[in-house]
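The next block holds one structure in the form of structure tokens; read it before the comments.
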Amino acid sequence: MKRVIALLVIIILVIGAVVFVFSRTIVSFEQKNIKSIEITELDSGKKVSSFLNDSSAFLVKNTKYKVSYVGIDGYANGSRVFNSSDEMPIKLVPYFSKEKLLSLLAADSNTIHNSISRTLPDLLTNFSLAKEGLLQFGDWYVALYRYKGGYNLSSDSLRIVAKKVEGKWKPVSSPEIFLNSVSYPNIPKDVLEKANAL
Amino acid sequence: MDRRVRIFVLIFAIIFVGFVIFGIVVLISRIGKIAVDIQTFPEGAVVTMDGKSVGLGTQYISPGTHSFAASKTGWTTDKQTYTISKNTPKIAFVLDTDSPEATDYMERSPTFQVKREELSALRADLAGKNFRKQNEVVNVLPYSDVAGPYSIDYGFEEGNSRVYLIISDSTPSGRQKALQWLKDQGYDPINYRVTFPDYSPLVRLGER
């Protein structure tokens with residue numbers, strides 16, 4: 001009888017181990033300029049502690065998680081949602097911090113403004129710069145221009161995106177009321193979102 | 001216990017555990033996936049999903065949008081993009097004849113023609129559902145707000161099954177309210193080309 005019970009216990013343990021191992025997968029992260037990461041289940045918000053080491057974890061298959069990261073000095077904190085069955089490794093690349101982007105803008109603003117006024121001379125005649133900012137690694141510029149004249153049916157504020165390529169700034173969008181990812185597929189969506197939110 | 005009985009019980013236990021483990025592994029591999037019946041006309045075409053070969057009949061597929069292609073020697077290739085969800089129990093591919101052998105096959109039996117029409121109807125139905133899935137915003141359009149003021153409608157992009165948005169009868173503040181209304185309905189206008197026919201641009205960036 002004891003042997004039968006022992007056999008049953010072994011069977012249950014083996015099945016349990018198989019279920020555990022096969023229902024999980026190793027998720028690895030490619031990290032650069034990151035101090036620490038934290039993973040939470042997207043639906044429940046429960047913190048995951050099954051880290052194998054600093055850059056991989058043993059997670060339930062086909063489940064959505066959120067990885068939050070803290071950047072090293074000069075880099076921003078951020079987060080990314082991923083599915084544990086996505087292609088590995090999951091790249092975590094923090095952008096520059098707000099402070100670093102502000103200092104880069106201060107250094108680059110004249111060059112950017114000159115490039116915009118050279119490409120779009122009419123813009124500064126009719127519009128004045130209201131808001132601006134650098135994004136990501138200081139290589140994307142977004143700005144909002146307000147109409148200088150009186151109110152009319154086309155006195156909308158306009159948004160523009162510029163990009164730094166090989167050290168030179170160049171507008172990559174027309175001045176638009178609203179920027180969309182269909183007309184500008186080469187501009188990252190988060191850059192368009194920031195431009196529209198100015 | 002007799003030695004033979006013990007060996008029998010042990011072998012039975014091993015086989016049982018093997019079956020249970022196999023069943024569990026199969027079940028786990030299907031977690032989060034959807035059973036989809038894949039059918040082709042003619043039968044036996046090779047179907048690929050996102051470039052990888054998949055079988056015919058019931059297959060377990062991750063939900064989401066996938067690019068499929070069905071091909072068979074002597075027949076044209078049928079390329080389709082299907083959004084797999086719980087509402088997609090069956091997908092179909094219909095290949096056209098591209099050789100005398102394929103034409104002979106079609107003429108061999110009237111039941112082939114019936115089967116082809118059945119699957120073509122299913123494919124057309126899926127294409128319609130796919131269009132609405134890809135362009136869910138059409139479910140809330142057209143919409144007008146006289147207080148805005150704005151009107152939002154949609155048109156069809158050339159060469160693909162996407163729609164673009166038309167915001168008209170509006171003012172500068174009305175246009176912003178129209179964009180906000182779309183967001184409030186759960187449709188981010190950033191994913192659509194948005195046109196403002198009443199707006200006369202004062203500046204344009206050369207030719208893009």
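The values are calculated or read from the model by the stated rules, or taken from the named source; none is laboratory data. Note that the structure is predicted; figures quoted are calculated from it, not measured. Methodologically, a virtual Cβ is constructed for each residue, glycine included, from the backbone with ideal geometry; neighbour enumeration extends over all protein chains shown. Heavy atoms of the whole protein, side chains included, go into the accessibility calculation; ligands, DNA and RNA do not. Shrake-Rupley method; radii C 1.70, N 1.55, O 1.52, S 1.80 Å.
P(r) tail for the stretch B:52-113, what percent of Cα pairs lie past 13 Å? For the stretch B:52-113, the share of Cα pairs beyond 13 Å comes to 69 percent. For the stretch A:98-197, the fraction of 1.4 Å probe accessible surface lying on carbon and sulfur atoms is 52 percent. Along the Cα-to-Cβ line of residue A:98, 7 Å from the Cα, sits a label point; which residues in the stretch A:126-158 have backbone N less than 15 Å from it? Those under the cut-off are A:132-136. Taking trypsin sites (Lys or Arg not before Pro) as exposed when their DSSP state is a loop state and no more than 11 other Cβ atoms lie within 10 Å, the longest site-free interval of chain A runs over A:47-147. Taking every protein chain into account, the accessible area of the stretch A:87-164 amounts to 50 square angstrom per residue (probe 1.4 Å). The contact residues of the stretch B:170-203, meaning those that lose at least 40 Å² of 1.4 Å-probe accessible area when all protein chains sit together rather than their chain alone, are B:172, B:176, B:190, B:191, B:193, B:199, B:202, B:203. Once the gyration tensor of the Cα atoms in chain B is diagonalised, the equivalent ellipsoid follows with semi-axes of 50, 28, 14 Å, ordered largest first. Measuring between their Cα centroids, the stretch B:138-208 and the stretch A:98-163 lie 23 Å from each other.
For the stretch A:98-197, a Kirkwood radius taken over Cα pairs fed into Stokes-Einstein (4 °C, viscosity 1.567 mPa s) yields D = 94 µm²/s.
Solvent-accessible area per residue in chain B equals 58 Å², computed with a 1.4 angstrom probe and all protein chains kept. Taking a sphere under 15 Å around the Cβ of residue B:97 and counting the other residues whose Cβ falls inside, with K and R at +1 and D and E at -1, yields a net charge of -4.
Taken per residue, the accessible surface of the stretch A:1-70 reaches 66 Å², heavy atoms only and a 1.4 Å probe. Among the GluC sites (Glu not before Pro) in the stretch A:39-99, those placed in a DSSP loop whose Cβ has at most 13 other Cβ atoms within 10 Å are A:87.
By the scheme Lys and Arg +1, Asp and Glu -1, what is the net charge of all other residues having a beta-carbon under 12 Å from that of residue B:110? That works out to +1.
Between chain A and chain B, roughly 3200 Å² of accessible surface gets buried, counting both sides and using a 1.4 Å probe. Cβ under 11 Å from residue B:177's Cβ, residue B:177 left aside: what net charge do those residues give with Lys, Arg +1 and Asp, Glu -1? Neighbour charge sum, excluding residue B:177 itself: 0. Sequence-ordered 3J(HN,Hα) estimates for the stretch B:74-89 from the Karplus curve with 6.51, -1.76 and 1.60 and θ = phi - 60° stand at x, 10, 6, 8, 9, 9, 9, 10, 10, 9, 7, 8, 4, 8, 10, x Hz, glycine and proline given as x. Over all Cα atoms in the stretch A:23-92, the spread is summed up by Rg and Dmax: 11.4, 39 Å.
Considering only A:138, A:71, A:16, the Gaussian network model of chain A with Cα springs below 10 Å gives its largest mean-square fluctuation to A:16. Find the percent of Cα-Cα distances in the stretch B:51-173 that exceed 25 Å, and round it to a whole number. In whole percent, the long-distance tail amounts to 45. Expressed in Å, the radius of gyration and Dmax of the Cα atoms of chain A are 25.1, 95. Diffusion coefficient (Stokes-Einstein, Kirkwood radius over C-alpha pairs, 37 °C, 0.692 mPa s) for the protein assembly as shown: 123 µm²/s, rounded to a whole number. Taken about its Cα centre, the stretch A:23-92 carries a charge dipole of roughly 120 debye when the Cβ of each Lys and Arg holds +1 and the Cβ of each Asp and Glu holds -1.
Taking the inverse of the mean 1/r over every pair of distinct Cα atoms in the stretch B:149-195 gives a Kirkwood hydrodynamic radius of 10.9 Å.
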